[in-house]
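The values are calculated or read from the model by the stated rules, or taken from the named source; none is laboratory data. What you see is a predicted model; the values in this text were computed from it and never measured. Counting neighbours? That spans all protein chains shown, and the Cβs are built from the backbone with ideal geometry, glycine included. The protein model used for the area step is the full one, side chains on, heavy atoms only, and it has no ligands, DNA or RNA in it. Shrake-Rupley method; radii C 1.70, N 1.55, O 1.52, S 1.80 Å.
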Amino acid sequence: MKFVNIKQAIVIALISALMPVTMISCDKDDDDVRWKEYPLAATGASGVTGKIRFTENADRSFNVLVTLNKSVKDTAHLVNILHGSTTTPGATAIALTNITGTGNTASSETKNIKQMKLPDNSLKNINYDSILKFNGNVNVLYSATRSDSSIAKGNIGAN
């Protein structure tokens with residue numbers, strides 16, 4: 001009977017020793033992901049604030065997650081990254097995925113971005129490092145039918 005108890009003790013000891021290593025390796029993978037976040041401020045009396053997060057992918061492309069603190073239910077809010085700052089915005093550089101309003105907090109993610117449009121309509125390759133240096137801003141519009149109505153915006157990159 002003692003022989004069985006020794007075997008069980010050895011198995012338990014091995015499992016206990018390996019569990020922290022497995023847990024540490026999972027946590028390490030999450031720590032290696034680079035990301036940068038910028039705030040979005042309400043425009044006018046919209047009361048809509050939020051944030052935009054850029055996350056690097058293994059191939060150096062990036063994902064963009066835009067989150068609004070409130071949204072208009074069943075309305076597609078348009079989101080664009082523009083050249084220039086919020087005070088002197090330029091042409092659209094990257095059209096992001098629309099945010100479908102829920103009446104509360106809502107978000108959308110655009111994945112694997114590798115190119116942006118220049119003001120002359122030509123395309124330029126872009127990666128995570130270059131978007132963080134980009135002289136740009138984000139503009140969230142009420143909807144496609146009210147594209148002149150900004151509800152939130154914020155500077156990104158070099159701004």
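When residues in region 46-65 are screened for being under 12 Å from the mean Cα position of the chain (by Cα), charged (D, E, K, R) and surrounded by fewer than 19 Cβ atoms within 10 Å (Cβ to Cβ), 2 of them pass. In region 86-105, the residue that is farthest from residue 143 (Cα to Cα) out of those that are outside any strand (DSSP E or B) and in contact with a strand residue (DSSP E or B) (Cβ under 8 Å, 6 or more places away or on another chain) is 86. Could we say that residue 108 is part of a helix (DSSP H, G or I), among the small types (Gly, Ala, Ser) and under 21 Å from residue 34 (Cα atoms) here? Considered against the rule, which asks whether it is part of a helix (DSSP H, G or I), among the small types (Gly, Ala, Ser) and under 21 Å from residue 34 (Cα atoms), residue 108 comes out as no. The set of residues in region 103-153 being of a type in the set (A, V, I, L, M) and either open to solvent by 80 Å² or more (accessible area, probe 1.4 Å) or more than 14 Å from the chain's Cα centre (by Cα) (or both) consists of 116, 118, 123, 126, 140, 141, 144, 151, 152.
Taken over region 30-58, the criterion of being in contact (Cβ under 8 Å) with a residue 12 or more places away in the chain, over 11 Å from residue 151 (Cα atoms) and not in a strand (DSSP E or B) is satisfied by 33, 34, 57. Which one is modelled with the highest pLDDT, of the residues in region 66-91 that are open to solvent by 60 Å² or more (accessible area, probe 1.4 Å) and under 19 Å from the mean Cα position of the chain (by Cα)? Of everything passing the filter in region 66-91, 69 is modelled with the highest pLDDT. Of everything in region 59-77 that is polar (S, T, N, Q) and part of a loop (DSSP other than H, G, I, E, B), the residue that is farthest from residue 34 (Cα to Cα) is 75.
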